[in-house]
1. Between Trp25, His66, Phe91, whose Cα lies farthest towards the positive end of the dipole of the chain when Lys and Arg beta carbons carry +1 and Asp and Glu beta carbons carry -1, centred on the Cα centre?
2. Take the Cα gyration tensor of segment 1-55, multiply each eigenvalue by 5, square-root it, and list the three semi-axes largest first, rounded to whole angstrom.
3. Do any chymotrypsin sites (Phe, Trp or Tyr not before Pro) in the chain lie in a DSSP loop with no more than 16 other beta carbon atoms within 10 Å, and if so, which?
4. Per residue of segment 80-94, what does 6.51 cos²θ - 1.76 cosθ + 1.60 with θ = phi - 60° give for ³J(HN,Hα)? Whole Hz please, x for Gly and Pro, Karplus curve as stated.
5. Placing unit charges on C-beta atoms (Lys and Arg positive, Asp and Glu negative, everything else neutral), compute the dipole magnitude of segment 4-90 about its Cα centre in debye, rounded to 20.
6. Tell me the label only: which of [x] 13, 25, 16, 11, 10, 9, 8, 5, 3, 0; [y] 16, 40, 25, 13, 5, 2; [z] 16, 40, 21, 11, 9, 2 is P(r) over Cα pairs in 10 Å bins from 0, in percent as calculated from this structure?
7. Among the lysines, select those whose C-alpha is under 22 Å from the C-alpha of Lys72, and discard any that sit fewer than 8 residues away in the same chain.
8. Let me have the 222 nm mean residue ellipticity of the chain computed from DSSP H runs of 4+ only, each contributing -39500 (n - 2.57), with the sum over all residues rounded to the nearest 500.
Amino acid sequence: MPPVNDHLKISMERTGKEYREVHEWLDADPAKKAQRHDITKIHEYGQMIEEKYGTEAREEYIRHIHDDVKAKFNHIQHDIEKAVTGALLYFGVK
């Protein structure tokens, strides 16, 4: 998953604002990071963020989750492709 600084840069490019508080809230506390990335809590956390920081901040929260999920699945896809290639080579298939 992208580090906080990458999220800050992406937010700045999208909106002209970093939304540091949102990205750090999501990623800074290792004990709460998984809970705060729980997609079943997007509505609940989104409302909380919107009340505290505004609608655009809520959108950046959702985009942060999206970017992290996308990065994770890209990593998994890469690992699967590497494993399949290795298995095919093992069996002499090119």
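1. Value computed over the given set: Phe91.
2. 18, 15, 9
3. Loop-located and lightly packed - Phe91.
4. 5, 4, 5, 5, 5, 4, x, 5, 5, 5, 4, 8, x, 9, 9
5. 160 debye
6. [z]
7. Reachable lysines: Lys9, Lys32, Lys33, Lys41, Lys82.
8. Calculated from helices alone, the mean residue ellipticity at 222 nm is -26000 deg cm²/dmol.
Every number here is computed from the coordinates shown, using simple stated rules; none is lab data. Note that the coordinates shown come from a computational prediction; the quantities given were computed from them, not determined experimentally. All Cβ positions, even for glycine, are placed from backbone atoms using ideal geometry, and neighbour counts span all protein chains on display.
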